[in-house]
Every structure is written in C-alpha cells, then in structure tokens.
1. How charged is the neighbourhood of residue B:124? Take every other residue with its Cβ under 15 Å from the Cβ of residue B:124, and add Lys/Arg as +1 and Asp/Glu as -1.
2. Give, in nm to one decimal, the length gained when the segment between residue A:5 and residue A:290 is fully stretched (0.36 nm per residue of separation minus the Cα-Cα distance).
3. Across peptide B:38-50, how many C-beta atoms of other chains are within 10 Å of each residue C-beta, on average?
4. Give me the one-decimal nm value for the distance between modelled label points at residue B:129 and residue B:100, 7 Å along each residue's Cα-to-Cβ direction.
5. Long-range amide H contacts for residue A:77: which residues qualify at under 5 Å (H placed 1.01 Å from N, peptide plane, sequence gap of 5 or more or a different chain)?
6. Got a sec to turn the phi values of segment A:290-305 into Karplus ³J(HN,Hα) couplings, 6.51 cos²θ - 1.76 cosθ + 1.60 with θ = phi - 60°, whole Hz, x for Gly and Pro?
7. With +1 on each Lys and Arg Cβ and -1 on each Asp and Glu Cβ, and nothing else charged, work out how big the dipole of chain A is about its Cα centre, in Debye to the nearest 20.
8. Going by amide H atoms built from the backbone, whose H comes under 5 Å of the H on residue A:229, apart from near neighbours?
Amino acid sequence: MPERDLAAEFRAGNVRGLARAITLVERRDPAVRRLLAELGQPRPPVVGFTGAPGTGKSTLVDALIRHWRALGRKVAVIAVDPNSPYSGGAILGDRIRMQGHALDPGVYIRSMGARGHLGGLSLATREAVRLLGAFGFDEVVLETVGVGQSELEVAAVADTTVVVMAPGLGDGVQMIKAGILEIADVLVVNKADLAGAQRAAQELRTMLNLAPRTEWKPPIVMTVALSGEGMDELEQALARHRHYLEGSGEGRRRMQARLREEAADLVGQWAREAALRLLEADGELGRLADESPYVAAEQILSRLGTGGERAEARA
Amino acid sequence: MATRAAPPRPVRIVLAKVGLDGHDRGVKVVARALRDAGYEVIYTGLRQTPAMVVDAALQEDAQAIGLSLHSGAHMTLIPAVLEELRRRQATDILVFAGGIIPDEDIAELKRMGVAEIFTPGAPLQGIVEWLRERFPEVES
Ligand SMILES: Nc1nc2c(ncn2[C@@H]2O[C@H](COP(=O)(O)OP(=O)(O)O)[C@@H](O)[C@H]2O)c(=O)[nH]1
Ligand SMILES: [Mg+2]
C-alpha cells in the first residue's frame, strides 16, 4: 500500500483518511503515533454502553445520536463485537440499528472486531477516540457486548459507563457476580414495554441500596429505545454524570488513572512484541524458554531495559 | 500459537441488501460462511441505497462490498454503486454481487467493473475461494 498523507486527509475532512487511520490502530501500526503527534489530540468525552447481547444497546445509541445531532453535535460510534474464536472472523451488525443516520456527515460509525486485541481492546479504542477527536467529533460512543472482560475494558476508556439490561436477558444476580454494578455510572432497564421490566428495576434498586455508599449513586433509567420513551431521562442522567465528573474532581482523577493505565498497557504491549521478536531471532533464548519461561523472561526484561531492544520495541 | 508480533490485517467486507425486497436469509448465510472463513463481515441490513452502501464501506475501511439483490433492479442498482464509488474516489474497493441475474446482464455488469457475480445455487465455498484468491493476505 502506498504511503498516504493521512494528516492531510484529516485536515481535508476526508472520512477515508479517518477510516484508514483506525485500521492502522487495529493493526498497531506505529504510523498512528506520528499522525496523532502531528494532529494534536483533543479528547472528546466518551460514553460507553455495555450489556448482554440483545438488550438494545445499538437501538439506544441510535436514539442518543438523534438527540445529539439535534443539538448540532458531531457524533462518532465505535461498536465492538467479538470475533469467532475458531476462525477469527466476525459478523458486525450494529450498524443495522443505526441506519437513521446514514449519509449524515456529522455521524461516523465504525464496527470493530475484538480480534487480536486480547486485553488490548482498551488500547485500540483509546487511540481511536483520539483520532475521532482530531477529526472533529464532539461526542464518542463506545458500544461493547458485555461478555467476559470487554465491559471492564469499556469502563477503562469511557468517562461515563452505561450498563444496559432488559427483562428476560441476563438476571440481576448474575450481573452482580460479574461486578458489573461497580462499573456502572448509569443503569438502564431497556424494553420497559415488556413484562418484567418494573421488577428488574426494583431488584436493581434493592441491590444498589445494599452497595457501599458512594458520592455518585448510579441512577436507574427505564427506556423503550424503539419508541424513544425514557430517552430524555437517559440524556439527563448522562449530563448529570458529566457535570458530577467536572465538579467533583472525579473526572480529573479518572483521566489521570486512565493515562497511567494506558502507559502501563503500552509497556505491556511493546514489551510483549519485542519479546516475541527476540524469542524468534535468538535460538539460545528460545531454548532457555523451553526449559524455564521465568528465566527467559528475566533475561528478556534485562535486555529490554538496557536499551538495545527498546528502540526496536517502539519501531 | 503464532509468534507473530502484530496481527495480520483482517479483510473487511461490507455485505448489504440493496433494493426493496425484504428477505435476508440468503445474505445471512453468506455472512456466516465468510465469518467462518476468517473475514470481518459488516452487515448493514435491508433496503440499502447505493449511497448508503458506499458510505458504510468508506466509514468501515472495507476492502470489498458484497451486494445481494433479488428485486430484478440489478441493472440500475449495481451500476449506481459503481458510480457512487467513482464519485467518492473509492474504485479500489472491490464489488461483487449475488442474486438472480441473467447471463447477458452478468457480462455487461462485469464489463462495467463488477469483480464477480454469484447466482443462486453457487456453492458458498466458491465465494470463499474466490475471495481468498483476491485477498491472499487473509489469515486462514
Ligand atoms: N420491545 C422492545 N424491543 C427493543 C427495544 N429496544 C430494542 N429492541 C429490540 O431488541 C433487539 C436487539 O436490539 P439491539 O439494539 O440490536 O441490541 P444490542 O445487541 O444490545 O445492541 C432488536 O430486535 C430491537 O428492535 C425496546 O425498547 N423494546
Ligand atoms: Mg449492538
């Protein structure tokens, strides 16, 4: 592929340049770092939506986009779906529910497989968020299926995390176990038109009352994403949380924690890549690993520490 | 386990139903076959216009667009997609299609720039193998 001047494409507002830059993020191409250095990196606020498949996350995001567009804000969505563990392929279908915004140049939707991100999902989405900010988006929404680790990774990136539930899909007790209430800034019981929604909300309320007192108490919002019912309340809850982050200093604390976390993640990723290269290139080291991964790891770490490999790790 | 440091680029394909016909069983079967062959399929749903399909492909940085249509309007819809790709300077994106399309139209559409056309009854494996040839870099 020929070198493209992505920065120029960004400045020209060419969506293909943005799309390609996000692909580079997914491929962990170091060109992204140069690009971000050139563009500057304003960071738009990020709202994360997570929850079991089918709870209505994409439909809610669609309704939220409509709200923000009415206010003239430019909105980008990153929708993450898991890849097939067998083939690495994926069917990414979140756009289906967001068709109302097709051809609106103030809306950008990008589907991402979680392939190859293994724990690096937050790294990839954090970089994508910066690119979206540099491109001029005012709001970023991150949708992730709440299975396993991914909701924790969303919380690590989002300023406000919305946990979406729906009657009949994933019961409350199970979610407590998954620690999901701890990451929720706003709780949504969607599909309030269906039987069982009131009871689900009631159960949640009981659980929240049992949880340790915190400065911010996650509100429970009932919505019918399909009709837009409850969207006003959801938007108010999001605005209140944003206000709380700004007013209490919690926003700054979270930002700092995120940046430190990111630095540590980057070290992990770069070191891992360099280690794999070393193990491949150095037969002696490989054999050492065959006998004792611990001994090999210590050797690798000391070699990374003395510089020779360090430059390469960033290459 | 591969010791490759960076993951290979997954080939991304936008699959879309264009036109007014309202069933998507066929295209969903294709989507699953492509997923199982290691592709990232972005499925955009029913009743897409050519402009919507191309816009989705640009936003998603897709290398290919797969169109499914059974409405009989292929001689207007498919050229409209090609035209939109030209307009947006994205003719490097490969277009293939599936549907009930007579032979003479197939020849004409290929002349216009459609890379391949699969008619009903074409084995799914044929689509997968054709894509593998077109995108040899995909991991298998
Ligand atoms: N009854 C009802 N169905 C809904 C509501 N919101 C979404 N759905 C439906 O639930 C299904 C899954 O929605 P989707 O947004 O794709 O869920 P996601 O997997 O969480 O992103 C779709 O068929 C939606 O039409 C709602 O408020 N009430
Ligand atoms: Mg979804």
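1. Here the charged neighbours net out to +2.
2. 98.2 nm is the gain from fully extending residue A:5 to residue A:290.
3. Details: counts 8, 6, 13, 7, 13, 7, 10, 6, 2, 1, 2, 2, 0.
Going residue by residue through B:38-50 and averaging, the value is 6.
4. For residue B:129 paired with residue B:100, the spin-label model returns 2.7 nm.
5. A:108, A:109, A:110, A:141
6. 4, 8, 8, x, 5, 4, 4, 4, 5, 4, 4, 4, 5, 5, 5, x
7. Result for chain A is approximately 580 debye, rounded to the nearest 20.
8. Under 5 Å from the amide H of residue A:229 lie the amide H atoms of A:224, each far enough along the sequence or on another chain.
Every number here is computed from the coordinates shown, using simple stated rules; none is lab data. As the structure is a computational prediction, the values presented were derived from the model and not from experiment. Methodologically, a virtual Cβ is constructed for each residue, glycine included, from the backbone with ideal geometry; neighbour enumeration extends over all protein chains shown.
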